[in-house]
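Down below is the structure, laid out as structure tokens.
The values are calculated or read from the model by the stated rules, or taken from the named source; none is laboratory data. All figures in this text were calculated on a predicted structure; none of them were measured in a lab. Ideal geometry is used to build each Cβ from the backbone, glycine not excepted, and the neighbour counts take in all protein chains shown.
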Amino acid sequence: MLKQKEIKIPENIKLYFLTIENNRFVVFNNIESNIRMSVNIPMLISIKKKKNILFLTDYSSELTKSLDGIYTYIKNFIINFQVPSKKTLILRGLGLKASFQDSTLSLKLGYSHEHNIEINPQDQNKIFIGKKFISVINYNKIFLGNFVEKIYRLKKANCYKGRGLYYKEKNIIIKAVKKT
């Protein structure tokens, strides 16, 4: 049973095919952000491109669920690849400061604690630093989450005094101090 699906590729995304040993990949390149990402395609699924339409064809009867899964994955991948995501950390407390020095993000977390995080020069324009916040914008949600979490873990929020790093999206609940 022959099953075929079509995916329309937007103008700002270019794709090309890559084969390494027995693995086939479709590599997506977002022209605006210059980000590349790849998707592994099983060998039993045929893949072709005509103009800006990607054709996926399954020649085996057993893998029709596999074709549906790959189709859904690529379609969601393309949608997420076009829309940038944003996360913001709030710096609350004395001695908490952030700044850029060359290609490093310098974080002063307290009066004597300084941390430096290396930043790629192409990602440097996607990080915005204010007086009391750090905002990061990226098309890759996984990279964005990992990067912001790496910063957040350096100085987690103190639930009693309200000092430290907070996600802007989270509500802050400060606990009452125990009275004896």
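Can you say whether ILE119 is exposed (fewer than 13 other Cβ atoms within 10 Å of the Cβ), β-branched (Val, Ile, Thr) and free of Cβ contacts under 8 Å to residues at least 40 places away in the same chain, as far as the supplied structure shows?
Details: exposed (fewer than 13 other Cβ atoms within 10 Å of the Cβ): no; β-branched (Val, Ile, Thr): yes; free of Cβ contacts under 8 Å to residues at least 40 places away in the same chain: yes.
For ILE119, the condition - exposed (fewer than 13 other Cβ atoms within 10 Å of the Cβ), β-branched (Val, Ile, Thr) and free of Cβ contacts under 8 Å to residues at least 40 places away in the same chain - is not met.
Quick one: which of LYS161, LYS168, LYS156, LYS131 is surrounded by fewer than 11 Cβ atoms within 10 Å (Cβ to Cβ) and farther than 21 Å from THR104 by Cβ? Break it down stepwise before answering.
Numbers: LYS161 fails: surrounded by fewer than 11 Cβ atoms within 10 Å (Cβ to Cβ); LYS168 fails: surrounded by fewer than 11 Cβ atoms within 10 Å (Cβ to Cβ); LYS131 fails: farther than 21 Å from THR104 by Cβ.
From the options LYS161, LYS168, LYS156, LYS131, the qualifying one is LYS156.
Looking at ASP123, ASP102, which is the one that is modelled with pLDDT under 85 and either among the aromatic types (Phe, Trp, Tyr) or closer than 24 Å to ILE31 by Cβ (or both)?
Working: ASP102 fails: either among the aromatic types (Phe, Trp, Tyr) or closer than 24 Å to ILE31 by Cβ (or both).
Being modelled with pLDDT under 85 and either among the aromatic types (Phe, Trp, Tyr) or closer than 24 Å to ILE31 by Cβ (or both) holds for just one of ASP123, ASP102, which is ASP123.
Kindly establish whether VAL177 is aliphatic (A, V, I, L, M) and either in contact with a Pro (Cβ under 6 Å, 6 or more places away or on another chain) or under 18 Å from PHE100 (Cβ atoms) (or both).
Working: aliphatic (A, V, I, L, M): yes; either in contact with a Pro (Cβ under 6 Å, 6 or more places away or on another chain) or under 18 Å from PHE100 (Cβ atoms) (or both): no.
No, not satisfied.
Just to confirm my filter: which strands (runs of 3 or more DSSP E) fall fully inside region 35-111 and include at least 2 residues that are outside the structural domain of LYS8 (by TED's automatic domain parsing) and exposed (fewer than 12 other Cβ atoms within 10 Å of the Cβ)? Can you show your working first?
Working: elements: 35-41, 45-50, 53-58, 85-92, 96-101, 104-109.
Per the criteria, 96-101.
Would you tally the residues in region 1-34 being outside any strand (DSSP E or B) and farther than 16 Å from THR57 by Cα? Steps first, answer last, please.
Going residue by residue through region 1-34, those that are outside any strand (DSSP E or B) are 1-2, 9-12, 21-22, 31-34.
So of that shortlist, the ones also farther than 16 Å from THR57 by Cα come out as 9-12, 21-22, 31-34.
Selection size over region 1-34: 10.
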